[in-house]
Amino acid sequence: MGEQAINDRSGGRPRGGPGRAFRRSAPSPDDRVRSFYELLDRLHSKEFYGDLMGLRTRYVNYGYWAPDCADHDEACEALADELAETAGITAGDHVLDVGFGYAEQDFHWMRTRKPERIVGINVTPAQVRVAQQRARELDLGERLDLREGSATSLPFESASFDRVVALESSVHFDTRQTFLAEAFRVLRPGGVLATTDPVP
């Protein structure tokens, strides 16, 4: 390959040395997660995937395939139930759901566990918009607060929540250690942190 071909690829400057082409900085972990789920959202908006991975729901996780689960929706709901049971979500609780996807589990918990309030944090704007719209349609605006934000920099005061949960989302957090520190910071004394993750 000649010098001209090399120069053309690098904006007319030879590679190496002080005149090398500008390189964009590496994307942050939040940027990578956001990009992946925004791609899924674009595919979904074109009805390419129907309701993504589910037939009736917008869960975007693998689920818990108990022997009596008939399809992906049931498996995802079973996993949401397992997580809520482990976390001990009950009426009157203030819950933080980190990496909520389309908030399908939050709508389910509002029906079945009846916490006082759920606040959700998610780095993917498209998912947040869809979930917020559905919360408005279900008239849950007072009890379900869904926001854009990062798991590793939670925008809440210390000791704000009774439960912190992450449903198959902490695999994306960089680092999980930072998330865990933040989760414990925002938990009230005696509060519970519960997560699920796909593990080979």
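Screening the candidates Ala75, Ala91, Ala70, Ala126 for the property of being in a loop (DSSP other than H, G, I, E, B), modelled with pLDDT under 95 and of a type in the set (A, V, I, L, M, F, W, C) yields one hit, Ala70. For the range 163-181, the set of residues classified as surrounded by 23 or more Cβ atoms within 10 Å (Cβ to Cβ) and either touching a Lys or Arg at 6+ places or on another chain (Cβ under 7 Å) or in a helix (DSSP H, G or I) (or both) consists of Phe179 only.
Looking at the structure I just gave you, is Thr175 within 24 Å of Gly63 (Cβ to Cβ) and within 18 Å of the chain's Cα centre (by Cα)? The answer is no for Thr175.
Residue-wise test of (1) acidic (Asp, Glu); (2) touching a Cys at 6+ places or on another chain (Cβ under 7 Å); (3) surrounded by fewer than 17 Cβ atoms within 10 Å (Cβ to Cβ); (4) touching a residue at least 24 places away in the same chain (Cβ under 8 Å).
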residue	(1), (2), (3), (4)
Arg58	no, no, no, yes
Ala84	no, no, no, yes
Pro125	no, no, yes, yes
Gln132	no, no, no, no
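The values are calculated or read from the model by the stated rules, or taken from the named source; none is laboratory data. Because the structure is a prediction, the values reported are computed rather than measured. Positions of Cβ are backbone-derived with ideal geometry, glycine not excepted, and every protein chain shown enters the neighbour counts.
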